[in-house]
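The values are calculated or read from the model by the stated rules, or taken from the named source; none is laboratory data. Note that the structure is predicted; figures quoted are calculated from it, not measured. With ideal geometry, Cβ positions are generated from the backbone for all residues, glycine too; neighbour counts draw on all protein chains shown.
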Amino acid sequence: MAISDYYDGMDAIIKDSGNNEVFKISPSSIEDFFTSTSQYYWEQVLGNEKAFQGSTSTHLGTIVHHCAEVSAKEGDTTAFEAEVTEFLAEIKDENVDKDIIRSLWFDMASLLVSNTILTDNYKVKGTEEFLFEKLNDDVYVGGTYDCLIEDPAVPGGFIVVDYKTAGTKPQGFSRKYKWQAYTYAWMLRNKGINVTRVQLSFVTRPTKTLPVRYFEFVEEYTDENHEYIGKILALIAKSVSMYKANPDLRAIIAQDINYTPPTPKTAFPSKA
C-alpha cells in the first residue's frame, strides 16, 4: 500500500445502507462539529473543498504513521525510502518543506516503532481496519483505527492505539484525540471486542536542545465513556438528518450567518 493511499469506506457504507446519499461521521472531525459548526457543515456535510489542505507537519505525520502501520503488519521497519521519495514527489504545494521531512521522517518513525511494535507487550490483534456503524437512516460513523493490541493488564481486554506526531511535548489526551479514540473503541465494543483502554503514542520532532522523543498516554475506556461517546455520535447524526430534512432551518442548524440556500445539486450531495 502506498503512503498516499486512503480508504474512506463509503462503498461499504453505501452497500450496507442502500442509500447513495448517506453521510459518514469521521472520528477525527467529531470535535469540529462543536468548535467549528458552520465549517463542519460546509466541508463535511456539503462536501466543499477544505480550507486546510496539509502542511509540512501533516505530511511528515502521514509518513511516520505509514511506517508504523506497515511495521505492525509485516515486521519490517527499514524499507520505506523508495515509498517516501514517491510520496514527496506527489506533493505540489510549494509551502511544504520537503527537506525538513527528509531529515526527520526516519528517526521519528524508527523511535515510534521501537517504542511500540518492537516491545514485548505489543501483541497486535488488528491494524488499519476500517469500521463503521449505522446511527440512523441518513448517517453512519466510520473510520480506520491505527492499531488494536492485547491489554497486558486485563485478560481478554484490548487497547486501541492511535499514532500521533507533534512539534513539542504533548500534554496528554486533548478532547479531539479523546473523542476520536473513544469512537473507535465504541465501534469495536459494539462488535463484541472488549476494549478496556485507549492509548496515544506520540513521537515529537527534535528541538535545538532535545532529540526526537516518544511519549505515551493511556486511559481506561469505561462503560460511562462508552455511553458518553454514543450520545455525542447520536447528537451529530440527528443534527445532520434535521439539516437534510429542513432546508429552512439550515442556517440555524449549521450556525452559519452567511448561509444562502444551495442549489439542489449541492444541498446534500451523493457520496457515491
Inter-residue pairs, beta-carbon under 6 Å, first within 17 Å of Ser29 (Cβ to Cβ) and in the stretch 211-236, second in a strand (DSSP E or B), 6+ apart: Leu233/Val141; Ile236/Ile25
Among (1) out of contact with any Asp or Glu (no Cβ under 6 Å at 6 or more places or on another chain); (2) in contact (Cβ under 8 Å) with a residue 24 or more places away in the chain; (3) β-branched (Val, Ile, Thr), the one test that Thr35 misses: (2)
Subset of the stretch 92-146 (residues that are of a type outside the set (Phe, Trp, Tyr) and in contact with a Gly (Cβ under 8 Å, 6 or more places away or on another chain)): Asp93, Val96, Ile117, Leu131, Glu133, Gly142, Gly143, Thr144
Single residue of Thr207, Thr183 found to be out of contact with any His (no Cβ under 6 Å at 6 or more places or on another chain) and under 20 Å from Tyr7 (Cβ atoms): Thr183
Looking only at the stretch 56-83, and only at residues there that are at pLDDT below 90 and among the hydroxyl-bearing types (Ser, Thr, Tyr), the one that is farthest from Lys244 (Cα to Cα): Thr78
Entirely in the stretch 10-59, the helices (runs of 4 or more DSSP H) that have 1 or more residues that are in contact with a Phe, Trp or Tyr (Cβ under 8 Å, 6 or more places away or on another chain) and over 20 Å from Trp179 (Cα atoms): 10-17
Test set (1) farther than 30 Å from Ile13 by Cβ; (2) in contact with a helix residue (DSSP H, G or I) (Cβ under 8 Å, 6 or more places away or on another chain) - Asp138 fails condition number: (1)
The stretch 148-198, subset hydroxyl-bearing (Ser, Thr, Tyr) and outside any helix (DSSP H, G or I), residue modelled with the lowest pLDDT: Thr168
Enumeration of residues in the stretch 134-176 that are among the β-branched types (Val, Ile, Thr), closer than 19 Å to Ser57 by Cα and within 18 Å of the chain's Cα centre (by Cα): Thr165
Tabulated pairs, the stretch 1-23, first among the aromatic types (Phe, Trp, Tyr), second in a helix (DSSP H, G or I), C-beta under 7 angstrom, 6+ apart or interchain: Phe23/Val45; Phe23/Val240
Cβ pairs under 8 Å, 6+ apart, first in the stretch 155-174 and in contact (Cβ under 8 Å) with a residue 40 or more places away in the chain and under 8 Å from Phe202 (Cβ atoms), second among the charged types (D, E, K, R) and in a strand (DSSP E or B): Pro170/Lys164
One residue from Leu88, Leu60, Leu112 being aliphatic (A, V, I, L, M) and surrounded by fewer than 19 Cβ atoms within 10 Å (Cβ to Cβ): Leu88
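Conditions (1) in contact with a Phe, Trp or Tyr (Cβ under 7 Å, 6 or more places away or on another chain); (2) surrounded by 13 or more Cβ atoms within 10 Å (Cβ to Cβ); (3) not small (Gly, Ala, Ser), marked per residue:
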position	(1), (2), (3)
Tyr122	no, yes, yes
Lys125	yes, yes, yes
Lys134	yes, yes, yes
Gly142	yes, yes, no
Gln171	no, no, yes
Lys176	no, yes, yes
Tyr184	yes, yes, yes
Gly192	no, no, no
Thr207	no, no, yes
